[in-house]
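Some notes on the structure that comes next.
The values are calculated or read from the model by the stated rules, or taken from the named source; none is laboratory data. Please read all numbers here as calculations on a predicted model, not as lab measurements. All Cβ positions, even for glycine, are placed from backbone atoms using ideal geometry, and neighbour counts span all protein chains on display. For accessibility, only protein heavy atoms count, side chains too; no ligands or nucleic acids. Shrake-Rupley method; radii C 1.70, N 1.55, O 1.52, S 1.80 Å.
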Amino acid sequence: MAELLKGKPIADKIKEEIKNEVESLKKDTGLSPRLMALQIGENASSEVYLKAQVNTAQGLGIEYILKRLPKEATQKQAEEEIISLNKDKSVSAVILQLPVPPQIDAKKLVNLIEPAKDAEGMHPQNLGQVLLGKWKLAPCTASACLALIESTGVNLYGKEAVIVGHSEIVGKPLSLMLLSKFATTTVCHIATGERGVLPEHVKKAEVLVVAVGKAGLIKGDWVKEGAIVIDVGINKVADKIVGDVDFEEASKRAGFITPVPGGVGPLTTTMLMKNTLEAFKIHNLKSR
Ligand code: NAP
């Protein structure tokens, strides 16, 4: 039976480290990290994430300020807002809350955030640093997956890692992170599924990460004995939240498996705070 890989204990440990560092930096510089969240319009689902971000930041001594623009805001207004946050020396990091109203081009806004203030690690310059294996600000969910994998103590050198899903926020950056650790990395996507070879790839995975958003996509008997299974998927099935992996069957074969909910989720917001602290250090410590 697999060991349950819960996100909370790992998140708590990282949060303790962030909190201590924030306190000591405050003593040294008299300043605290400040995360600015830009929300355009209102959205019930993003309110839940907002609350989690506010609570996490508060517990760590990170100042969290929410700037709301009305749902009718224009692209130009939103761009002006980002430019002004970039110029504001008191702002350590910026996050654009998604989704945005249809008249707003979110990607253009993210690309406008100063790379060293990019709390979500989604600016092309920061993604480029991931490609080079030298990241400071990496995409939060991909970092959360890596932290979960590394918490098992596995040596990734030469391991077969398979990622299902090639999105920009999870699969692509994580594949580069695992590659930088010398894992032999395979990335599966829609065409892998359409060709009917997804089981064949999954079966060889010693480290399996699934980030698709389709309940029951990965059958339990595809999972290799002893594998580390990170299930990023969030799906609502009959009022229950489940992942993309058939948890019950997979946990009979895996060595480690994340629960859904309670696996990747609790770590993602922590990684946002870790990036905020990193951004603060980039701006305020001269040696960096
Ligand atoms: P996304 O942008 O929709 O990407 C999904 C990926 O899955 C795409 O690369 C897609 O390929 C691929 N895919 C679709 N059907 C497939 C199939 N049958 N076989 C293999 N690959 C297939 O989604 P995302 O933003 O990465 O999120 C993925 C899941 O993770 C969602 O359930 C989301 O809610 C969850 N999530 C959780 C957290 C967390 O903190 N826990 C954070 C982020 C996301 P194509 O692009 O080629 O179609």
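Miscellaneous remarks
- Count - residues of the range 24-44 that are loosely packed, with under 13 Cβ neighbours inside 10 Å, touching a residue at least 12 places away in the same chain (Cβ under 8 Å) and part of a helix (DSSP H, G or I): 1
- Scanning the range 211-234 for residues that are within 22 Å of residue 269 (Cα to Cα) and outside any strand (DSSP E or B) gives 211, 212, 213, 232, 233, 234.
- Filter result for the condition that a residue is within 12 Å of the ligand (Cβ to nearest atom), over 18 Å from the mean Cα position of the chain (by Cα) and crowded, with 19+ Cβ neighbours inside 10 Å, over 188, 145: 188
- Residue check for residue 206: open to solvent by 40 Å² or more (accessible area, probe 1.4 Å) and touching a Lys or Arg at 6+ places or on another chain (Cβ under 9 Å): yes
- When restricted to residues that are open to solvent by 20 Å² or more (accessible area, probe 1.4 Å) and more than 13 Å from the ligand (Cβ to nearest atom), the range 124-142 contains 11.
- Within the range 153-170, considering residues that are more than 15 Å from residue 120 (Cα to Cα) and open to solvent by less than 30 Å² (accessible area, probe 1.4 Å), the one nearest to the ligand (Cβ to nearest atom): 165
- Against the test of being surrounded by 17 or more Cβ atoms within 10 Å (Cβ to Cβ), in a helix (DSSP H, G or I) and touching a helix residue (DSSP H, G or I) at 6+ places or on another chain (Cβ under 9 Å), the options 82, 104 yield a single qualifying residue, 82.
- Within the range 153-208, the residues that satisfy the criterion of being in a loop (DSSP other than H, G, I, E, B), of a type in the set (Gly, Ala, Ser) and out of contact with any His (no Cβ under 8 Å at 6 or more places or on another chain) are 153, 158, 167, 183, 196, 205.
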